[in-house]
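Below: the structure, in structure tokens.
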Amino acid sequence: MRNNYVGDIGDFANNGLLRALGGTPRDPVPDIRLGIIWYLNPGEDRYGNAIGYLNPSRHNLSTYRECDRDLYDELRQLVGQRMLTNTNRDIRDIIDNPNILRRDTQHYDKPILPGHTRETRDQWFTDAMDRTAASDVIFLNPDIGIGWNLGASHQHVVSREVNTLLERRKTGVIYQTPPRRGQTHKDWVKSNVKNLLYDTLAVEYLWVIMWNRAPKRAYFIVASTAQQKRWMQQRLTIFCNSQWVRKGHFSEPQEYSRR
């Protein structure tokens, strides 16, 4: 995650999904607490400019705002204020805003830099898990996604971090960008599912949700207990009946299991 991604259409997707799973500040889901490990990359890149969806055209208002009016209005105000004052967007714009995510959401936003050793990377993630220890559902929000067999990439979730999350009996939501070349979309999803369930990890329960608008992305939801599975099935059933899915922004979740 980078600061210049705040408020773009990908950020709209991230926050929309988290609000659908854990509830909103006005209507939180009882007994479920959210956490976010931001994997903050302090550098900026050429992405993050996909904010045209916030232009209040008739199309955008019916297509995007109808999915989550409060979220849309908050992000539009946030981005507009930054443009008006000619200042850079910042993840604190999300963290400190009481109207976007639940007030009890736990955040870990210490930057993750290139050149980590395995030891410093593992300490970074230990600190992140400690900071979000009271959370039931933790969103892992890197630049790119899961880096299979990578040592200390600052742009990826390392697979052993997913394993640690599951060992601590947490439900994980993991952001993942599709490949730009070399694999078909179907094969890419299949290889990630295979790695999560069998080859690299041993995830018990898995759901895949695709964000269908450009830039496309996937969300892998992992759980380790039958109780977490039942809770997630309930939330995803509600999600499937939401405007997010009905308007085609998100695909219907695909469920996988080792059992």
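Nothing in this text is a laboratory measurement; each read-out follows from the coordinates by a stated rule. Everything numeric here is computed off the predicted structure, so don't read it as measured data.
Gain in length, Lys186 to Thr164, computed as 0.36 nm per residue apart minus the alpha-carbon separation, to one decimal in nm?
Answer, rounded to one decimal: 5.1 nm.
Excluding residues on the same chain fewer than 8 positions from Lys190, give the aspartates and glutamates whose Cα lies under 19 Å from its Cα.
Cross-link targets: Asp199, Glu204, Glu252, Glu255.
For region 51-63, what does the Karplus curve 6.51 cos²θ - 1.76 cosθ + 1.60, with θ = phi - 60°, yield as ³J(HN,Hα) per residue in whole Hz, taken in order and with x for Gly and Pro?
Listing the rounded values in order: 10, x, 4, 7, 5, x, 6, 4, 4, 5, 5, 7, 7 Hz.
Could you work out how much longer the chain between Ser257 and Ser242 gets when fully extended? Use 0.36 nm per residue separation minus the Cα distance between them, nm to one decimal.
Additional length available on full extension: 3.0 nm.
State, as an integer percentage, the relative contact order of the chain based on alpha-carbon contacts under 8 Å between residues 6 or more apart.
That works out to 20 percent.
Please compute the Kirkwood hydrodynamic radius of the chain from all pairs of different C-alpha atoms, in Å with one decimal.
It is 18.6 Å.
Once you have the Cα-Cα distance between Arg230 and Asn86, take 0.36 nm times their residue separation minus that, and quote the gain in nm to one decimal.
47.2 nm
Hey, could you get me the Stokes-Einstein D for region 123-193, Kirkwood radius over alpha-carbon pairs, 37 °C and 0.692 mPa s, rounded to whole µm² s⁻¹?
In µm²/s, the coefficient is 250.
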